[in-house]
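I have placed the structure first, in the form of structure tokens, so that the comments after it can refer back to it.
Each reported figure results from applying straightforward, stated rules to the coordinates on display, with no laboratory input. This is a predicted model, so every value here is computed, not measured. No Cβ is skipped: glycine too gets one built from the backbone with ideal geometry, and neighbour counts run over all protein chains shown.
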Amino acid sequence: MITLPDNQLYYLHNVLTLIMLTVCIVLCYTGYKLQNITYKKYISIGIIAFCMIQEVLDYLNRIYFDELYNISLAVDLPLQLCSIGFYLSIFGIIMAFSSYQFNEKFEQFIFDCTYVLGFGGAFQALITVDLTGVNNMIGIFSLNWAHSLIILNVLWLIFAYHKRFNVRSIINAFLFLNFLILPVGFINYILDANYIFLCSPPNVESSFFIGNWPYYLFYLEGIYFIYIIFLYMPFLLLNKLNNK
């Protein structure tokens, strides 16, 4: 696979972002209008299939196609926040269309975490692109899809399956994110890794990562509640409109 310069990688990423934005809009409208449960299920299965194909393609590229990439347990385990959000979003869709009756609180908890990771982590990753380890076309497509598909999945859950974010959701997601620190931190220690950026900030310019370790972690804890207000606002407004 041909290695591409950074300017071409950025260009491909931005073009694909616009394409995925269009797909998200179409899918939101479809989910909102579509009443047939069977058709919703088929679309959901199609979304999940594409997500899994993307994931397989990503790892095939890391192992075989990208000659410059050296796969490593310290980097390539699915333990970044966006990777966790990616799999949670797939699980959320499975629960939404499944005939099995899942616990409502558990299903809501999965959506809460997915929503925050999608519009918190994945959205930020789309607008502050980190090209570390990305060298070819498959790599940049996989990087984009690894983030844009989380957002797409969350929007599908909102518009097709009427999932909602509430005040309790803010606490759920906060507790989940802090719970991850211990097991992921232990893995970081064993592998000398930096999953969920616990040991050093990512290689991007972002207002979310200010200062050096460990100060930026405390800053993130505080800014969470500020940022989450903006994520909660659409649902607060929707609730007020429905109560009129």
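At-a-glance table
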| item | result |
| --- | --- |
| Note, ³J(HN,Hα) from phi for region 83-91, Karplus 6.51, -1.76, 1.60, rounded to Hz, x at Gly and Pro | 5, 5, x, 4, 6, 5, 5, 5, 5 |
| Per-peptide average of other Cβ atoms within 10 Å, ordering 192-198, 161-167 highest first | 192-198, 161-167 |
| C-alpha center-to-center spacing [region 29-46, region 161-207] in angstrom | 31 Å |
| Chain lengthening between residue 225 and residue 168 when straightened (0.36 nm per residue, less Cα-Cα) | 19.2 nm |
| For residue 66, distant residues with modelled amide H under 5 Å away | none |
| Residue of 59, 100, 39 that the Gaussian network model of the chain assigns the largest fluctuation, springs spanning Cα pairs under 10 Å | 100 |
| Low-density loop positions, GluC sites (Glu not before Pro), region 55-164 - DSSP coil, at most 15 other Cβ in 10 Å | 67 |
| Point-to-point label distance, residue 21-residue 241, nm (Cα→Cβ direction, 7 Å offset) | 2.1 nm |
| Value of relative contact order over the chain, rounded to a whole percent, pairs C-alpha under 8 Å and six or more apart | 27 percent |
| Value of relative contact order over region 114-182, rounded to a whole percent, pairs C-alpha under 8 Å and six or more apart | 39 percent |
| Charge dipole (the chain, unit charges on Cβ, about Cα centre) - positive-most of 149, 124, 228 | 228 |
| Separation in nanometres of the label points that stand 7 Å from Cα toward Cβ, at residue 217 and residue 106 | 3.0 nm |
